[in-house]
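Enquirer: One structure, pasted below without further comment.
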Amino acid sequence: MYNKSVAITGSTIEKTTKYDYFREDKIRMELYRIILSLYDEGCRTFTCNLHSFIGLLGADTIVMLREADKCPEIIFSAVIPATPYPADADKLYHALYDDLMKQADNKEVPSEKDSTGKAFADYHHIVCFYDDFSEEIGQVRTSGVSYTNICKRI
């Protein structure tokens, strides 16, 4: 009951917020609500693709929830892509990425085809940020796994 896993993945910062800090705050609040809810449902391992901005914000939220003792048993698994930073990442993104890598409980190296570290079907739930007509959201939908697309909520 308490060993379900969640994938957090999505678009780069340019496609997610375009450095709009008000929108980033809305995404962070939504992630906080979703992660806390999934934790209450028994999800303990959260795998975050740090190459996606939503994965980076999700990882930061997970660490914050753990440190605040709201989710003491949460496990943060970081996906380490071949290229650690997206091309459009600024220095703040680099610093946050480096700090989160130090706080990760597990580190996974994905295959070239898989951005989350394992097949979507291996997860209980997927939290993502994709345009409704993107190829990636199509892959999420065809996986058959329940998902929350934050893009639709912001």
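The values are calculated or read from the model by the stated rules, or taken from the named source; none is laboratory data. All values derive from a computational prediction rather than experimental measurement. FYI the Cβ positions are ideal-geometry reconstructions off the backbone, even for glycines, and counts take in every protein chain you see. To get the accessible areas, we keep the full protein, side chains included, count just its heavy atoms, and leave off ligands, DNA and RNA. Shrake-Rupley method; radii C 1.70, N 1.55, O 1.52, S 1.80 Å.
Enquirer: Do you know the Lys pair count in the chain for C-alpha distances under 14 Å, with sequence separation 8 or more or different chains? Please list the in-between numbers first.
Expert: Values: K15/K152; K18/K26; K26/K152; K107/K118.
Lysine pairs meeting both conditions in the chain amount to 4.
Enquirer: In the chain, which whole DSSP H runs stretch at least 24 Å along their own axis (Cα) and average -1.0 or higher on the Kyte-Doolittle scale? Spell out each step's value before the answer.
Expert: Numbers: long enough: 21-40 (28 Å, -0.33).
Qualifying helices: 21-40.
Enquirer: First compute the accessible area of the chain with a 1.4 Å probe, then give the percent of it belonging to carbon and sulfur atoms.
Expert: Details: 4060 of 7790 Å².
Ligands and nucleic acids excluded, carbon and sulfur give 52 percent.
Enquirer: Something else about it: What residues qualify as long-range amide H neighbours of E108, i.e. H under 5 Å apart, gap of 5 or more or another chain, H built at 1.01 Å from N?
Expert: A78, V79, I80
Enquirer: Could you calculate the contour length gain from D122 to S134, that is, 0.36 nm times the residue separation minus the distance between their Cα atoms, to one decimal place in nm?
Expert: Details: separation 12, 0.36 × 12 = 4.32 nm, distance 2.14 nm.
My answer for the length gained is 2.2 nm.
Enquirer: Moving on to the next point. Note down the accessible area of R66, probe 1.4 Å, to the nearest 10 Å².
Expert: Estimated to the nearest 10 Å², R66 gives 50 Å².
Enquirer: Further question: In square angstrom, what is the accessible area per residue of the chain with a 1.4 angstrom probe? Don't skip to the end; give the middle numbers.
Expert: On the way: 7790 Å² over 154 residues.
For the chain, the solvent-accessible area averages 51 Å² per residue.
Enquirer: Here's something else I'd like to know. Compute, for the chain, the length of the dipole vector about the Cα centre, with Cβ point charges of +1 (Lys, Arg) and -1 (Asp, Glu) only. Units Debye, rounded to 20. Present the calculation step by step, with values, prior to reporting the outcome.
Expert: On the way: 18 positive and 24 negative charges, 50 e Å.
My answer is approximately 240 debye.
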